[in-house]
Structures are given as structure tokens and as C-alpha cells.
Amino acid sequence: MMEGTISNRIRVLRFHHGEMSQAELGQRIGVTRQTVAAIEAGKYSPSLEAAFRIAQVFNLPLEEVFHWEAKATP
Amino acid sequence: MPYREKTAWLSLIAMAAAFGPYFAIVAMRSLPGALPDLRQLGLLAVAAILQMLILGAGHLFLRRGSPQDARTPPDERDRAIMRRSISSAYYVLIAGMILVGCVMPFSSSGWSIVNAALVMIVAAEVVHYGVVVLSYRRQA
């Protein structure tokens with residue numbers, strides 16, 4: 001199985017959207033502020049639906065919010 | 001700290017406060033063979049009531065501290081953590097009940113079976129709430 005890490009640009013995108021708070025983003029996508037913080041820090045991978053909702057809030061395609069990088073296999 | 005992590009801590013504390021002393025007392029005293037053992041039954045009732053009181057007071061306190069969080073339904077991360085914790089606790093409970101079933105034919109005291117089952121139920125609950133706390137800590 002290929003292994004990789006998911007990163008995201010949520011912090012930057014929040015900044016560009018009038019310094020939107022984590023609580024406000026959470027409210028708009030139906031999760032708690034703590035869950036937004038965990039997603040932002042890369043400690044929790046959201047469901048595909050939540051990821052699409054986040055992208056929708058920023059009016060961007062999914063791949064401009066979330067990135068997946070495959071780990072180099074030795 | 002998320003509201004659901006606080007309630008998990010509360011459940012762990014209530015269990016430790018109620019069943020810690022209960023199991024300590026039970027371990028120290030010799031089990032009588034005759035039934036019903038009303039002293040033992042009273043001890044169990046005290047532990048159960050104490051746990052309910054701590055949980056009731058604790059939930060009231062937490063709800064007053066953050067009423068908005070208390071009203072918020074669990075989101076997908078909360079539900080994922082709940083699923084993981086319940087499945088972990090399930091294995092502990094099943095293994096525990098099998099162990100109790102193995103001990104049962106060799107025990108003449110009804111209370112030793114009851115207490116063995118109680119230990120396993122409490123262990124499963126500790127795993128349940130322990131996994132909840134650990135999951136929230138890891139993702140904090």
C-alpha cells in the first residue's frame with residue numbers, strides 16, 4: 001500500500017477570507033472548532049464530504065485546499 | 001479541551017472514586033459463602049449511587065461552564081473517536097466475560113462471580129473512556 005501525508009492550506013485560506021475564525025469555519029461546515037483545529041494541524045483527516053464542504057466555503061476546488069504527498073519508498 | 005473529552009474525564013474520575021474503594025474493600029475482606037450477603041449488596045449500592053452522584057453533579061457543572069458545547073451534537077471526529085473507543089472496549093468486555101465464564105465453574109460464591117464480572121465491566125469502561133481521552137489528546 002502506498003503511504004503518504006495529507007496537508008492543507010486552511011490556515012492561509014482563512015487568513016485570505018477576512019481572518020475567518022476556526023469557530024466560524026466549523027459552524028459553516030458542521031464541525032466543532034476543535035475539529036477544525038485538528039484538521040488544520042494535520043492531526044485529523046476529514047471525511048471526503050467535510051473536505052468538499054471546506055473547499056466550497058473558500059470557493060476553491062478540493063485539490064487547492066488539500067494535498068496528498070506520497071512517501072518515497074526505499 | 002473539547003466538551004466530550006471533559007465528560008470522558010468525568011466518567012473516569014467517577015469510576016475511580018466509586019469502584020476503586022469498592023474493589024479495595026472487596027479484595028481485603030473474605031467472601032462469605034452464604035447468600036444473600038446484604039453487607040456486600042449495600043457496598044455495591046453505595047458505589048453505584050456514588051458514581052451516579054458524581055456523574056450527575058459533574059455533568060451539571062460542565063453544562064453550566066459551556067452550555068453551547070453541551071448542546072452541540074457530536075461531529076464526524078467525535079463519532080469516529082466514539083466508534084474507536086467502543087470497539088476497543090468491546091474486545092475487553094468479551095475477553096473479560098469469557099474469563100469470568102472460565103472462573104464460574106470453580107467458584108462456590110455468587111459474589112466472587114458478580115465481582116469478577118464487575119471488574120471486567122469497569123475495565124471495559126476504563127478502556128472506552130481512556131481511548132476517548134487519548135484520541136482527543138493526540139489530535140489536540
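Failed condition for B:Tyr91, given (1) touching a residue at least 24 places away in the same chain (Cβ under 8 Å); (2) over 14 Å from the mean Cα position of the chain (by Cα); (3) surrounded by fewer than 15 Cβ atoms within 10 Å (Cβ to Cβ), with all others met?
Every condition holds for B:Tyr91 apart from (1).
Are there any pairs with C-beta distances below 7 angstrom linking a residue in the stretch B:33-58 that is modelled with pLDDT under 85 to a residue that is among the polar types (S, T, N, Q), with the two at least 6 apart or on different chains, and if so which?
The qualifying pairs are B:Gly33/B:Ser108; B:Gly33/B:Ser109.
Among the listed residues B:Ser135, B:Ser85, B:Ser108, which satisfies the condition of being assigned to a helix (DSSP H, G or I), among the hydroxyl-bearing types (Ser, Thr, Tyr) and more than 12 Å from chain A (Cβ to nearest Cβ)?
Step by step, each of B:Ser135, B:Ser85, B:Ser108 is checked, and only B:Ser85 is assigned to a helix (DSSP H, G or I), among the hydroxyl-bearing types (Ser, Thr, Tyr) and more than 12 Å from chain A (Cβ to nearest Cβ).
Just for the stretch B:99-116: of the residues that are among the small types (Gly, Ala, Ser) and in contact (Cβ under 8 Å) with a residue 12 or more places away in the chain, which one is surrounded by the most Cβ atoms within 10 Å (Cβ to Cβ)? Before the answer, list the steps.
Looking only at the stretch B:99-116, we keep the residues that are among the small types (Gly, Ala, Ser), and these are B:101, B:107-110, B:112, B:116.
Of the ones still in play, those that are also in contact (Cβ under 8 Å) with a residue 12 or more places away in the chain are B:108-110, B:112, B:116.
Details: B:Ser108: 8, B:Ser109: 16, B:Gly110: 15, B:Ser112: 17, B:Ala116: 19.
So, considering only residues that are among the small types (Gly, Ala, Ser) and in contact (Cβ under 8 Å) with a residue 12 or more places away in the chain, the one surrounded by the most Cβ atoms within 10 Å (Cβ to Cβ) is B:Ala116.
From B:Gly42, B:Gly56, B:Gly96, grab the single residue that is part of a helix (DSSP H, G or I) and surrounded by 12 or more Cβ atoms within 10 Å (Cβ to Cβ). Write out each step before concluding.
On the way: B:Gly42 fails: surrounded by 12 or more Cβ atoms within 10 Å (Cβ to Cβ); B:Gly56 fails: surrounded by 12 or more Cβ atoms within 10 Å (Cβ to Cβ).
None of the others qualify; the one that does is B:Gly96.
Mind listing whichever residues of the stretch B:1-31 are part of a helix (DSSP H, G or I) and within 14 Å of another protein chain (Cβ to nearest Cβ)? Talk me through it step by step, then tell me what you get.
Let us first name the residues in the stretch B:1-31 that are part of a helix (DSSP H, G or I), namely B:3-28.
Those that are part of a helix (DSSP H, G or I) and within 14 Å of another protein chain (Cβ to nearest Cβ): B:Tyr3, B:Arg4, B:Glu5, B:Lys6, B:Thr7, B:Ala8.
Under the condition of being assigned to a helix (DSSP H, G or I), more than 10 Å from chain B (Cβ to nearest Cβ) and more than 10 Å from the chain's Cα centre (by Cα), which residue from the stretch A:28-62 is surrounded by the fewest Cβ atoms within 10 Å (Cβ to Cβ)? Steps first, answer last, please.
Initially, the stretch A:28-62 is screened for residues assigned to a helix (DSSP H, G or I), giving A:28-29, A:33-40, A:48-57, A:62.
Restricting the remaining residues to those that are more than 10 Å from chain B (Cβ to nearest Cβ) gives A:28, A:40, A:48, A:51-57, A:62.
If we keep only those that are more than 10 Å from the chain's Cα centre (by Cα) too, we end up with A:28, A:48, A:56-57.
On the way: A:Arg28: 14, A:Leu48: 10, A:Gln56: 14, A:Val57: 18.
Checking each candidate, the answer is A:Leu48.
The values are calculated or read from the model by the stated rules, or taken from the named source; none is laboratory data. Owing to the predicted nature of the structure, the values given are computational and were not obtained by experimental measurement. No Cβ is skipped: glycine too gets one built from the backbone with ideal geometry, and neighbour counts run over all protein chains shown.
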